[in-house]
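Notes follow the structure.
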Amino acid sequence: MTGQLECSPLDVRHDGFLDLVPRGARPRRLMSGAAWTEGPVWVPEGDYVLFSDIPNDRLLRWSESQGGSVALQPAGFMNGHTLDLDGRVICCEHGERRITRLEPDGSVVALAERYGGRRLNSPNDVVVKSDGTIWFTDPPYGILSDREGHKAESELGDNYVFRFDPVEGELTVATDLVEEPNGLAFSPDEQLLYVSDTSAALRSEGGNHHIVAFDVQGGRYLANARVFAEITPGIPDGFRVDVHGNVFTSAGDGIQVFAPDAKLLGKILIPETVSNCVFGGPDLTRLYITATSSLYAIDLTTQGAVRRPLEKGG
Ligand code: MG
């Protein structure tokens, strides 16, 4: 089923919300029929969004001109995606438990698979910093069962946020302080890294469902971990930051929008559990939302933050 939703989908908690999301904005359901959508990435060169349907081991594609199609199947049980500074797609793969890069000819290049000789758990979500380094989370969700990967024991015995330097080929632990790290995003000035902790997803009681903020020091070290926002209902799976530093996070009831000072500005209500989102379209003013079986989009007045390469030698 596709089409525009009937009831008002905006839950305005603060006037500032309407500076980001126009009062008449309505999410459109673009595509449906997936088992669990995740990991959307906007590919400007092709004018399309790629996203995962993890249990069906598919990478899906949607464009305004061509609609929906299967881009890759099998797809290594891909989860999160992002673009590197050259516009290539970086992928988290549960299946082979690694970070990969999609080449223009369709081949897949492995970037990071092991830490200290041990296999990664199941990379979940990924971002690229303006210095080209690749930061990703590695919780166990892809090895707990055969639904979103292959059931296996953790070799690392812990869940890290990693930083990978593709020039040096060096993989380092950015932090071990987040119990089960899931989504992540930098603030526009890259002084902050937000990481969600979704350990509640696995437990009937207790567990975390919040976003942690870290100070990024020297471009590579994380310090001063503090809870930025508790997300209810549901969990903060994936999220993105707009050009003003507002956090657009997945939640059980839709997309929740938090100002940089952690004030809840409002919500875009979605009738399915949301997993993630990405800013797309020519001006990055359209928010694509992966939610359970479907892909949605809503047109905003704010736009996504863009990672620009650091000046060479600067
Ligand atoms: Mg995730």
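Of the residues Leu171, Leu193, Leu177, the single one that is open to solvent by 40 Å² or more (accessible area, probe 1.4 Å) and either more than 24 Å from Ala110 (Cα to Cα) or modelled with pLDDT of 95 or more (or both) is Leu177. Within segment 54-80, residues that are β-branched (Val, Ile, Thr) and away from the ligand (no atom under 16 Å from the Cβ) have Cβ atoms under 7 Å from residues that are open to solvent by less than 10 Å² (accessible area, probe 1.4 Å) and assigned to a strand (DSSP E or B) in these pairs: Val70/Leu60, counting only partners at least 6 apart in sequence or on another chain.
All conditions in (1) open to solvent by less than 40 Å² (accessible area, probe 1.4 Å); (2) among the small types (Gly, Ala, Ser); (3) part of a loop (DSSP other than H, G, I, E, B); (4) away from the ligand (no atom under 16 Å from the Cβ) hold for Ser154, with the sole exception of (1). Scanning segment 286-314 for residues that are part of a strand (DSSP E or B) and among the polar types (S, T, N, Q) gives Thr290, Ser294.
Considering segment 48-90, the qualifying strands (runs of 3 or more DSSP E), each wholly inside and each with 1 or more residues that are buried (at least 20 other Cβ atoms within 10 Å of the Cβ) and among the β-branched types (Val, Ile, Thr), run over 48-53, 78-83. Of the residues making up segment 97-104, at least one is under 30 Å from Glu155 (Cβ atoms) and either in contact with a helix residue (DSSP H, G or I) (Cβ under 8 Å, 6 or more places away or on another chain) or surrounded by fewer than 20 Cβ atoms within 10 Å (Cβ to Cβ) (or both). Working only within segment 12-45, note down all residues that are open to solvent by 30 Å² or more (accessible area, probe 1.4 Å) and closer than 17 Å to Val89 by Cα. Across segment 12-45, the qualifying residues are Pro44, Glu45. Of all the numbered requirements in (1) surrounded by 19 or more Cβ atoms within 10 Å (Cβ to Cβ); (2) within 14 Å of the ligand (Cβ to nearest atom), Ala201 misses one, and that requirement is (1).
Within segment 256-285, the set of residues being more than 16 Å from the ligand (Cβ to nearest atom) and part of a strand (DSSP E or B) comprises Val257, Phe258, Leu264, Leu265, Gly266, Lys267, Ile268, Leu269, Phe279, Gly280. Taking first residues from segment 217-230 that are assigned to a strand (DSSP E or B) and partners that are hydrophobic (A, V, I, L, M, F, W, C) and surrounded by fewer than 13 Cβ atoms within 10 Å (Cβ to Cβ), the Cβ contacts under 6 Å between residues at least 6 apart in sequence or on separate chains come to Gln217/Ala223. Among the residues of segment 101-127, those identified as touching a Pro at 6+ places or on another chain (Cβ under 9 Å) and either more than 16 Å from the ligand (Cβ to nearest atom) or over 22 Å from Ala200 (Cα atoms) (or both) are Arg101, Leu111, Ala112. For beta carbons closer than 6 Å, sequence separation of 6+ or different chains, a first residue in segment 133-147 that is touching a residue at least 12 places away in the same chain (Cβ under 8 Å) and a second that is open to solvent by less than 40 Å² (accessible area, probe 1.4 Å) and acidic (Asp, Glu), the qualifying pairs are Thr133/Asp165; Thr137/Asp125; Pro139/Glu180; Gly142/Glu148.
The values are calculated or read from the model by the stated rules, or taken from the named source; none is laboratory data. Since we're looking at a predicted model, the values are computed, not measured. When we count neighbours, we look across all protein chains shown, and the Cβ atoms used for this are built from the backbone with ideal geometry, even at glycine. The protein model used for the area step is the full one, side chains on, heavy atoms only, and it has no ligands, DNA or RNA in it. Shrake-Rupley method; radii C 1.70, N 1.55, O 1.52, S 1.80 Å.
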